Amino acid sequence: MSAVPRPRRARSATVVPRTAEAAAPPPDASARPTPPKSAEKRPFLLDFFPLETSDQTRLHRFYERLREGHLSTTRCARDGELHWPPRTACPKCHTEELEWVDLPDGGHVYAFSAVLAGAPLGMETDVPFAVGLVDLDGAPLRLFGRIEGRPWTELRIGQPVRVETYDIGDGRMFYRFRTVG
Ligand SMILES: [Zn+2]
């Protein structure tokens, strides 16, 4: 028997290396500088906002229209079905012959709630903020989104709102609602 005992393989695969930062005691949160939103890099899987360019999504037209100040969606050229969110194929008849249509920019709050904690990455400093369902005026669509313009404690069902497009801070566009009246 000439077996030489093999050195035990370190179970490094299961060990997560601790960085100096991870090993350090947690810093005082109040002393930590808040990075400007525009410079923030979010992990892809935790990024609330979609990728928007033509090489990233076939729905890039939606974001281009947001940049032009309009909320839009797809409508089936065959059966007239209006989609939300916009689609690359009609869920009813499966055709890819879709047309882009602008949506009304006014609506009324159907229901709302407030985010008080556990906000998505990048929105932590915005809490509390209102989110809700908005019935668009003149379109059979009920959209979910953030509602700005007045504290959530002052929102009411039926509150008139308008669609607002905005740059989220890194060049991407999104929509939200703002109270009117
Ligand atoms: Zn269809």
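Taken together, the values in this text are just the output of simple stated rules run on the coordinates, not laboratory data. Here the structure is a predicted model, which is why all the values come from computation and not from measurement. Cβ coordinates were reconstructed from backbone atoms using ideal geometry, including for glycine residues, and neighbour counts include every protein chain displayed.
For PHE144, all conditions in the list (1) out of contact with any strand residue (DSSP E or B) (no Cβ under 6 Å at 6 or more places or on another chain); (2) within 28 Å of GLY80 (Cβ to Cβ) hold save one; what is the number of the exception?
Here PHE144 meets the rest and fails (1).
Of everything in the stretch 53-83, what is within 10 Å of the ligand (Cβ to nearest atom), in a loop (DSSP other than H, G, I, E, B) and either crowded, with 18+ Cβ neighbours inside 10 Å or among the aromatic types (Phe, Trp, Tyr) (or both)? Give them in sequence order.
Passing the criteria: only HIS83.
Here's the yes/no breakdown for (1) closer than 20 Å to GLY69 by Cβ; (2) within 21 Å of the chain's Cα centre (by Cα); (3) not small (Gly, Ala, Ser):
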position	(1), (2), (3)
PRO104	yes, yes, yes
ALA111	no, yes, no
ALA114	no, yes, no
ALA117	no, yes, no
GLU124	no, yes, yes
ILE147	yes, yes, yes
VAL161	yes, yes, yes
GLY169	yes, yes, no
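Scan the stretch 89-138 for residues that are outside any strand (DSSP E or B), within 16 Å of the ligand (Cβ to nearest atom) and not β-branched (Val, Ile, Thr) and jot them down.
ALA89, CYS90, PRO91, LYS92, CYS93, HIS94, GLU96, GLU97 - these are the residues of the stretch 89-138 that are outside any strand (DSSP E or B), within 16 Å of the ligand (Cβ to nearest atom) and not β-branched (Val, Ile, Thr).
Consider TRP152 carefully, then state whether it is surrounded by 14 or more Cβ atoms within 10 Å (Cβ to Cβ), within 16 Å of the ligand (Cβ to nearest atom) and closer than 25 Å to VAL180 by Cα.
Against the criterion (surrounded by 14 or more Cβ atoms within 10 Å (Cβ to Cβ), within 16 Å of the ligand (Cβ to nearest atom) and closer than 25 Å to VAL180 by Cα), TRP152 does not qualify.
List pairs: first in the stretch 70-89 and without any contact (Cβ under 8 Å) to a residue 24 or more places away in the chain, second part of a loop (DSSP other than H, G, I, E, B) and among the acidic types (Asp, Glu), Cβ under 6 Å, 6+ apart or cross-chain?
Cβ pairs passing all conditions: ALA77/GLU97; ALA89/GLU96.
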